Amino acid sequence: MKNIQLLNKIAKVGTDKLDPAVYNIGTEVEAPEGIMVRSANMLDMDFNPELLAIARAGAGVNNIPLDKCTKEGIVVFNTPGANANGVKELAVCALLLASRDIVGGIEWVNTLKDDPDAAKTVEKNKSKFAGCEIQGKTLGVIGLGAIGGLVANIAVRLGMKVVGCDPFLSVDAAWNLNHNITHAATYEEVYKVADYITIHVPATADTKGMINASTMAMMKDGVKIINLSRDSLVKSADMIEALASGKVSAYVTDFATPELIGVKGAILIPHLGASTEESEDNCAVMAAIQMDDYLENGNIKNSVNFPALSMPRSGDARICVLHDNVPGILTQLTGVMAEEGLNIENMTNKSRGNAAYTIFDVTGTVPASLCDDLKSIAAVLRVRVI
């Protein structure tokens, strides 16, 4: 039995994808070979030597120590696109919240509970909460991946002009974009023309604080900004100043950071982007399937720290080697197998930055000493025989 530890509540529809004859699943299992997690903080966790994979039921992985996992040969998966529709729908809501003072209006109406003439009072004062329509306005989309692409497409259908920028746009993602979307070469081009800006990029060293005083200075006066991705993408102090000056007329974010609570013009949503039953189910299913395929077959899909790599099974056994991406490593690996008398029937190799992965399907009996022999190579991180 393979032990799978759950660090958060994971939708049963996902864990049901793991064969109970193969997996022992629960919150209290010891020495797990796999961990399924949503938002639990793993940054200071010590990992048992049996741990092979961490499956994050969601897109962001800033709660997982990626560098440590890579060094220990632990593959980290996420589930890009599984919660995309839920976030897309919240983005549409955010566009409307930024355009019309719906929140302020509802809060004010709730103060009229004891007013016998509430209906008349509402009609007299409703203009205080008036706003504008999104139709005909220009939406700038920063990041056109699984979520950004959906937001861009639906904005076109809502009658908006859409301009987007994504330096890392894949061919598949590009094919899914509405032909009416204008593609900008730089973020600066988007900043200069947009009435609304919505951000859909991961939190990295390059994107941290990308919305700041200097970038907001490029934008139109009164721009409305939506951030449902990560709080670190926006410098809060600069946003507070921009809201006070009117440079930004509304900031809608899914992250209720303390410094923004109560700031006029800031609308803080309690991290509801992927909090739908459907999103949680989709993420759990994708996470479970990906982890199962890796633990059972060695195939990697949607890893954030190792390359995507899969190969149909053949031969008598499969040898999976996670290693550093260094010159001559394949010669060393195949040399060890030749010394052990193994015939390599099929193999594939791929790298991602400094990390690499090689799968060998071999014929012949795999000797017990093989794993130790391969691990003796300095660049090798982890070896498995399946």
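In segment 65-81, which residues are open to solvent by 10 Å² or more (accessible area, probe 1.4 Å) and closer than 27 Å to Gly149 by Cα? Write out each step before concluding.
Here is the first cut: in segment 65-81, the residues open to solvent by 10 Å² or more (accessible area, probe 1.4 Å) are 65-68, 70-72, 78, 80-81.
Those that are open to solvent by 10 Å² or more (accessible area, probe 1.4 Å) and closer than 27 Å to Gly149 by Cα: Leu66, Asn78, Pro80, Gly81.
Pick out, from segment 311-377, the strands (runs of 3 or more DSSP E) lying fully within it that include 3 or more residues that are without any contact (Cβ under 8 Å) to a residue 60 or more places away in the chain and open to solvent by 40 Å² or more (accessible area, probe 1.4 Å). Steps first, answer last, please.
Details: elements: 317-324, 343-352, 355-363.
In segment 311-377, the matching strands (runs of 3 or more DSSP E) lie at 343-352.
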Take Thr204 and tell me if it is polar (S, T, N, Q), touching a Gly at 6+ places or on another chain (Cβ under 9 Å) and outside any helix (DSSP H, G or I). no
Expected output for segment 99-120 (first residue under 19 Å from Lys264 (Cβ atoms) and open to solvent by less than 70 Å² (accessible area, probe 1.4 Å), partner in a loop (DSSP other than H, G, I, E, B) and hydrophobic (A, V, I, L, M, F, W, C), Cβ below 7 Å, 6+ apart or cross-chain) is Ser99/Cys132; Ser99/Ile134
From the list Ile35, Ile25, pick out the single residue that is open to solvent by less than 20 Å² (accessible area, probe 1.4 Å) and not in a loop (DSSP other than H, G, I, E, B). Ile35
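I need a count of the residues in segment 213-258 that are assigned to a loop (DSSP other than H, G, I, E, B), among the hydrophobic types (A, V, I, L, M, F, W, C) and in contact with a Lys or Arg (Cβ under 9 Å, 6 or more places away or on another chain).
Restricting attention to segment 213-258, the residues satisfying the condition of being assigned to a loop (DSSP other than H, G, I, E, B) are 218-222, 228-230, 235, 246-247, 254-257.
From the residues that got through so far, the ones that are among the hydrophobic types (A, V, I, L, M, F, W, C) too are 218-219, 228, 255-256.
Filter again for in contact with a Lys or Arg (Cβ under 9 Å, 6 or more places away or on another chain), leaving 218-219, 255.
Summing the residues that are assigned to a loop (DSSP other than H, G, I, E, B), among the hydrophobic types (A, V, I, L, M, F, W, C) and in contact with a Lys or Arg (Cβ under 9 Å, 6 or more places away or on another chain) in segment 213-258 gives 3.
With respect to Asn85, is the statement that it is among the polar types (S, T, N, Q), open to solvent by 60 Å² or more (accessible area, probe 1.4 Å) and in a loop (DSSP other than H, G, I, E, B) true? Even if it seems obvious, please write down each step before you answer.
On the way: among the polar types (S, T, N, Q): yes; open to solvent by 60 Å² or more (accessible area, probe 1.4 Å): yes; in a loop (DSSP other than H, G, I, E, B): no.
No; evaluated as a whole, the condition is false for this residue.
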Looking at (1) touching a helix residue (DSSP H, G or I) at 6+ places or on another chain (Cβ under 6 Å); (2) closer than 30 Å to Glu89 by Cα, find the lone condition where Pro270 falls short. (1)
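Determine, yes or no, whether Lys68 is within 30 Å of Tyr251 (Cα to Cα) and in a helix (DSSP H, G or I). If you could, list the steps in order and put the result at the bottom.
Working: within 30 Å of Tyr251 (Cα to Cα): no; in a helix (DSSP H, G or I): yes.
Answer is no for this residue.
The values are calculated or read from the model by the stated rules, or taken from the named source; none is laboratory data. Everything numeric in this text was worked out from a predicted model, so none of it was measured. FYI the Cβ positions are ideal-geometry reconstructions off the backbone, even for glycines, and counts take in every protein chain you see. Accessible surface is based on the protein model in full, side chains and every heavy atom, while ligands, DNA and RNA are left aside. Shrake-Rupley method; radii C 1.70, N 1.55, O 1.52, S 1.80 Å.
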